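J.: Here's a structure for you.
The values are calculated or read from the model by the stated rules, or taken from the named source; none is laboratory data. Being a predicted model, the structure only gives us computed values, none of them experimental. Cβ coordinates were reconstructed from backbone atoms using ideal geometry, including for glycine residues, and neighbour counts include every protein chain displayed.
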Amino acid sequence: MTTIAPDRRTFLKTLGVTAAAGLGTLAIAPRASASDGVVLPTTYLQQPNFFYCGPTAVSIALSAKVQPPSLDTLAAELATTDAGTNFGAVSPVLTARLAEATYRDHWIEGTAGSATETDLLWERAVTNVDTGYATVCNWWVVAGEYPNWGGNASDIFHFVTVDGYNADERTLRVADPAGSTLSGTLPSHHWLPVGQVATYCAGRGYFW
């Protein structure tokens, strides 16, 4: 098991985290959510197995703009195996599938999202949503800290999609492909403070 420096866990506990699937409408323009945020009308999917989180997160992101191909097609393009999806595979597939987009990788060093990294993630995620695009994140969630669940006995490496934000609360809406594949109680979406999302991305990163 990978040893995690204490600052990641301390940050999440400070936020009050106890350690914490339906189809949307395919469209382009963002819309207001019930929580007074701005949310893209993405099509939610739950990953069908433990290693398809990458293709599923990419499918959700693509659905903000186009009709995505099958998960198996995306898995082939991403070179996904039963060991998962490589970090460097995501941006090229998003860019190839969205004619007017150029997605980029952003790696976050360390074990927690700094103030600078948090602000940068917020700026990029908000700009993406405002222009009709989702952001894909690659999470590293330590044992016992999975949002709205906390039942993970070990660290989880996972892909999710940011498809909305609430400027008043400075939270991001995260479409989580895991669903009941991971836990029967896990919701399809989370509203999370941007700093918490940045910390989950630390040691990994996101695609914007």
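J.: Can you find, within segment 152-174, the residue that is farthest from VAL126 (Cα to Cα) among those that are surrounded by 22 or more Cβ atoms within 10 Å (Cβ to Cβ) and of a type in the set (A, V, I, L, M)? Break it down into steps so the answer makes sense when it comes.
T.: Quick first cut of segment 152-174, residues surrounded by 22 or more Cβ atoms within 10 Å (Cβ to Cβ) only: 158-165, 172-174.
Those left that are additionally of a type in the set (A, V, I, L, M): 160, 162, 172, 174.
Working: VAL160: 16, VAL162: 9, LEU172: 9, VAL174: 13 Å.
The qualifying residue farthest from VAL126 (Cα to Cα) is VAL160.
J.: Can you find a residue that is surrounded by fewer than 18 Cβ atoms within 10 Å (Cβ to Cβ), touching a Leu at 6+ places or on another chain (Cβ under 9 Å) and either among the polar types (S, T, N, Q) or under 19 Å from ALA64 (Cβ atoms) (or both) anywhere in segment 175-183?
T.: yes
J.: Given the residues PRO6, PRO30, which is the only one that is modelled with pLDDT under 50, touching a strand residue (DSSP E or B) at 6+ places or on another chain (Cβ under 6 Å), at negative phi and of a type outside the set (A, V, I, L, M)? Let's see the steps before the verdict.
T.: Working: PRO6 fails: touching a strand residue (DSSP E or B) at 6+ places or on another chain (Cβ under 6 Å).
Answer to the check: PRO30.
J.: Residue by residue through segment 104-126, note down the ones that are of a type in the set (A, V, I, L, M) and not in a helix (DSSP H, G or I). Steps first, please.
T.: We begin by selecting, within segment 104-126, every residue of a type in the set (A, V, I, L, M); these are 108, 112, 115, 120-121, 125-126.
Result: ILE108, ALA112.
J.: Condition check: closer than 17 Å to PRO41 by Cβ, modelled with pLDDT of 95 or more and either surrounded by fewer than 22 Cβ atoms within 10 Å (Cβ to Cβ) or more than 13 Å from the chain's Cα centre (by Cα) (or both). Does THR116 satisfy that?
T.: Values: closer than 17 Å to PRO41 by Cβ: no; modelled with pLDDT of 95 or more: yes; either surrounded by fewer than 22 Cβ atoms within 10 Å (Cβ to Cβ) or more than 13 Å from the chain's Cα centre (by Cα) (or both): yes.
In short, no.
J.: Test VAL129 against the criterion of being outside any loop (DSSP other than H, G, I, E, B), in contact with a Pro (Cβ under 7 Å, 6 or more places away or on another chain) and buried (at least 19 other Cβ atoms within 10 Å of the Cβ), and give yes or no. First the steps, then the outcome.
T.: Numbers: outside any loop (DSSP other than H, G, I, E, B): yes; in contact with a Pro (Cβ under 7 Å, 6 or more places away or on another chain): yes; buried (at least 19 other Cβ atoms within 10 Å of the Cβ): yes.
Here the answer is yes, as VAL129 does meet what is asked.
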